[in-house]
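The values are calculated or read from the model by the stated rules, or taken from the named source; none is laboratory data. As the structure is a prediction and not an experimental result, all values here were calculated from the model. Neighbour counts run over all protein chains shown; Cβ positions are idealised from the backbone, glycine included. The accessibility values were calculated without ligands, DNA or RNA, using every heavy atom of the protein model including side chains. Shrake-Rupley method; radii C 1.70, N 1.55, O 1.52, S 1.80 Å.
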Amino acid sequence: MTSSTAIQALAEADFSAIADSFANAGYTVRLPAKGIMQINAAPAAAGRRRLRLLLSVGVHGDETTPIEMVAQLLEQLAQTPHELQVDLMVAVGNLAAIAQQKRFIDADLNRLFTSERGELQTVAEAERADILMKATASFFAGDDGEKWHFDLHTAIRKSAYPTFAIVPEVMADRTRQSLLAWLGGAGIGAVVLNSKLAPTYSAYTATKFGAAGCTAELGQIGAIGKNDLSQFEVTSAAIDTMLRTGSTMPFRKAMPHVFQVAQELVKLSESFALTFDGSAENFTAFEPGVVVARDGEHIYQTGTKTEYVIFPNPAVRVGLRAGLMVVRVA
């Protein structure tokens, strides 16, 4: 059971106790900005290549399950810090939104991991994205060793797959296959391959640093301290094993169902409207040839295969994605 103190400390981006534990064990610990901690190998082990693992939580301030999960992992690992076998960066995303128990303050932080933000350049989250990108670039600098990134989220709505992940197709085939095998073994039921990259945190690390990155959705939004982590025991155990072994081998043998993005439902104007209930579960199926959204004269219609919707949200800003339609490929 994770202590409420550990959960609150992570939610408030307070790494002091965790940092002291690893520093006292001989690791190099850096706190480059509030809510960001980097732990690198003790000098005696610094010469050998180690996996570099980035765990990010709270990119959306109301997604609390990952905060509790990572708080649990860090609290347990800090009791035997010498068992850490990776170079680790932990990033808490939207600090202000977490404090206010809101998804974001001015704009979705997970659409700002880019230098091309247009009118969003001055929103509150833009500065935080810059801080996170700078720290990430420092952590992943150089070409030696494997680089992995789990950006841990929680879905707004129910899903046919309680755990699923979005994987940028930009990464090398071998890296992608390794990631898919690991995700399946970690209890992730479905993976969506996306070739059209949005400016998300995991797309940023995959594109800029060749990281095996994904956005992982774990259950539904809930109040901090009241989430049922037992639903994600396999995922937590898989991450814990990676932390303690430095290996990217699957935790167990299991492959996820694999989907590919067929089309994006982009909100072109305030006239955008879904043709179905906006509270529909993720992976709700639509037969071929069905109109799923209208935006003025523009119509979004399924193709020749059954398509499944994920992340339907007509309330997004004009110009942003209001949902994805995916097809099953494996």
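Condition check ((1) in contact with a helix residue (DSSP H, G or I) (Cβ under 8 Å, 6 or more places away or on another chain); (2) closer than 21 Å to residue 154 by Cα) across all residues:
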{"position": "199", "(1), (2)": "yes, yes"}
{"position": "204", "(1), (2)": "yes, yes"}
{"position": "223", "(1), (2)": "no, yes"}
{"position": "249", "(1), (2)": "yes, no"}
{"position": "262", "(1), (2)": "no, no"}
{"position": "302", "(1), (2)": "no, no"}
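The single residue among 159, 195, 247 that is of a type in the set (Gly, Ala, Ser) and within 28 Å of residue 78 (Cβ to Cβ) turns out to be 247. A single member of 5, 65, 28 is open to solvent by 30 Å² or more (accessible area, probe 1.4 Å) and modelled with pLDDT of 95 or more, and it is 28. Where strands (runs of 3 or more DSSP E) fall wholly inside the stretch 269-330, the ranges with 2 or more residues that are under 22 Å from the mean Cα position of the chain (by Cα) are 307-310, 321-328. Residues of the stretch 180-217 that are buried (at least 22 other Cβ atoms within 10 Å of the Cβ), free of Cβ contacts under 8 Å to residues at least 60 places away in the same chain and aliphatic (A, V, I, L, M): 206 alone.
The condition (being closer than 21 Å to residue 209 by Cβ, in contact with an Asp or Glu (Cβ under 9 Å, 6 or more places away or on another chain) and modelled with pLDDT of 95 or more) is satisfied by just one residue among 95, 55, 73, 132: 55. For residue 268, the criteria (1) out of contact with any His (no Cβ under 7 Å at 6 or more places or on another chain); (2) open to solvent by 50 Å² or more (accessible area, probe 1.4 Å) hold in every case but one, which is (1). Restricting attention to the stretch 271-296, the residues that are open to solvent by 70 Å² or more (accessible area, probe 1.4 Å), at pLDDT 95 or above and either out of contact with any strand residue (DSSP E or B) (no Cβ under 9 Å at 6 or more places or on another chain) or of a type in the set (Ser, Thr, Tyr) (or both) add up to 1. Scanning the stretch 218-230 for residues that are of a type outside the set (A, V, I, L, M, F, W, C), over 20 Å from residue 311 (Cβ atoms) and crowded, with 16+ Cβ neighbours inside 10 Å yields a total of 1. For the condition of a type outside the set (Phe, Trp, Tyr) and within 20 Å of residue 102 (Cα to Cα), residue 28 does not qualify.
Among the residues making up the stretch 68-121, those that are over 19 Å from residue 41 (Cα atoms), buried (at least 19 other Cβ atoms within 10 Å of the Cβ) and among the charged types (D, E, K, R) are 68, 108, 111. For the stretch 247-262, a residue qualifies if it is open to solvent by 40 Å² or more (accessible area, probe 1.4 Å) and either closer than 15 Å to residue 323 by Cβ or in contact with an Asp or Glu (Cβ under 6 Å, 6 or more places away or on another chain) (or both), and exactly one does: 262.
Taking every residue in the stretch 289-310 that is within 15 Å of residue 323 (Cβ to Cβ) and pairing it with any residue that is of a type in the set (Asp, Glu) and part of a loop (DSSP other than H, G, I, E, B), at least 6 positions away or on another chain, the pairs with Cβ-Cβ distances below 8 Å are 302/287.
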